[in-house]
Amino acid sequence: EDAELQAQFDATVAADQRIEPRDWMPEGYRRTLIRQIAQHAHSEIMGMQPEGNWILRAPSLRRKAILLAKVQDEAGHGLYLYAAAETLGVDRDDLTQRLVDSRQKYSSIFNYPALSYADIGVIGWFVDGAAICNQVPLCRCSYGPYARAMIRICKEESFHQRQGYELLLAMVNGTDAQREMVQESVNRWWWPSLMMFGPPDGDSPNSQQSMAWGIKRHTNDELRQRFVDMTVPQAEVLGVTLPDPQLRWNPDRGAHDYGEPDWAEFKAVLAGSGPANAQRLAHRRRAHENGAWVREAARVHAEKQAARKEV
Ligand code: FAQ
């Protein structure tokens, strides 16, 4: 019977149809999805911190309204993604606990500090740009609830990318000091943004199986290349230099050659020793502890409602 279920699952994936929560699925498929969706949800929630830090220091009401909307969207993305993970039989409280106990990862990029308002623009341009490259193919993920969540998330990510680019356009058309701020920010965020796509293909233990299952549609290096090719002409329009002396168009490949990110730095950030790891996790833990009374009140309220229904 198991062989029959497996064959049915394989046929659904091969036909590019969706696996839904009540369908049979291999245990490894379920575990991989829980790992990836939870890490993705945690990233959205942790990703609120670098930018959230600037809401009270936005340079104008307009910039503040835009930034507030963006950070709220990230909270929303985290919540849809936790809901998508819950369809696989896990509990959001448990996933949050695993995050605050450092038993589950979140994206390396959010362990870098946002030091100037130009960083708000560059995060939108690079970090949301990279997120879009990575996430548009996930709209065709074989697992239905994840794929559907991605459609709306990608629409919002496009707005995020545009608001960042528009902020940078305003700054590069401003004073010399503003142009310098943008360049300085680009220098700090370029390499960490390339690392968002994960380790090189030869060093990515999960890619092959995830692609066979139709969870991932492209390898880490394919998506990284797509991001580089998309970003180079945008940098030209802004008049900024991407900090990579090896970056150049390769007509034979029809793509840009580029330098190797510092993978030792990537590993250090994943191991918890990035510039802001400790601060980010401490902040998240504190927020979780401060919210204990809300969770308790909701639990008691739910109990009272249930008791009322019984009489
Ligand atoms: N950071 O075998 P692979 C956003 C881990 S965008 C930390 O290649 P996989 C929007 C990986 O988990 C950011 N860990 O793994 C936003 C695995 O460890 P594990 C979130 C990383 O899963 C913008 C190990 O390394 N986006 O939040 C990273 O096949 C602005 C081996 O790697 C997503 O999560 C990394 N960069 O491929 C929000 C997208 N890279 O779990 C706020 C969905 C790898 O075995 C502001 N996820 N690792 O212990 C994915 O597409 C994939 O999971 C990859 C990694 C591509 C990230």
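The values are calculated or read from the model by the stated rules, or taken from the named source; none is laboratory data. Being a predicted model, the structure only gives us computed values, none of them experimental. Neighbour counts are summed over all protein chains in view; Cβ atoms, including those assigned to glycine, are modelled from backbone coordinates with ideal geometry. SASA here: full protein model, heavy atoms, side chains in, ligands and nucleic acids out. Shrake-Rupley method; radii C 1.70, N 1.55, O 1.52, S 1.80 Å.
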Completion exercise
For the chain, whose charge dipole is built from +1 on Lys and Arg Cβ atoms and -1 on Asp and Glu Cβ atoms, the candidate among Tyr112, Gln225, Ala268 with its Cα farthest towards the positive end is Tyr112
Exercise for the section: Using only the alpha carbon atoms of the chain, find the Kirkwood hydrodynamic radius as the inverse mean reciprocal pair distance, in angstroms to one decimal. Expected result: 21.0 Å
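Per residue, how big is the convex hull of the range 211-311 when only Cα atoms are used? Give it in Å³. Show your work: numbers first, answer last.
Working: hull volume 25.2 nm³, N = 101.
Enclosed volume per residue, from the Cα hull, is 249 Å³.
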Handout entry: Euclidean distance of C-alpha centroids, the range 274-311 and the range 251-270, integer Å
Key = 40 Å
Exercise for the section: Could you look at the chain and say what percent of its accessible area is carbon and sulfur, using a 1.4 Å probe and all protein chains? Expected result: 54 percent
Problem - For the range 1-126, the spread of Cα positions along each principal axis, largest first, Å - result: 63, 33, 19
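If Lys and Arg each add +1 and Asp and Glu each add -1, what is the summed charge of the other residues whose beta carbon sits under 15 Å from the beta carbon of Met181?
Values: positive: Arg57, Arg63, Arg179, Arg188; negative: Asp119, Asp176, Glu180, Glu184.
That works out to 0.
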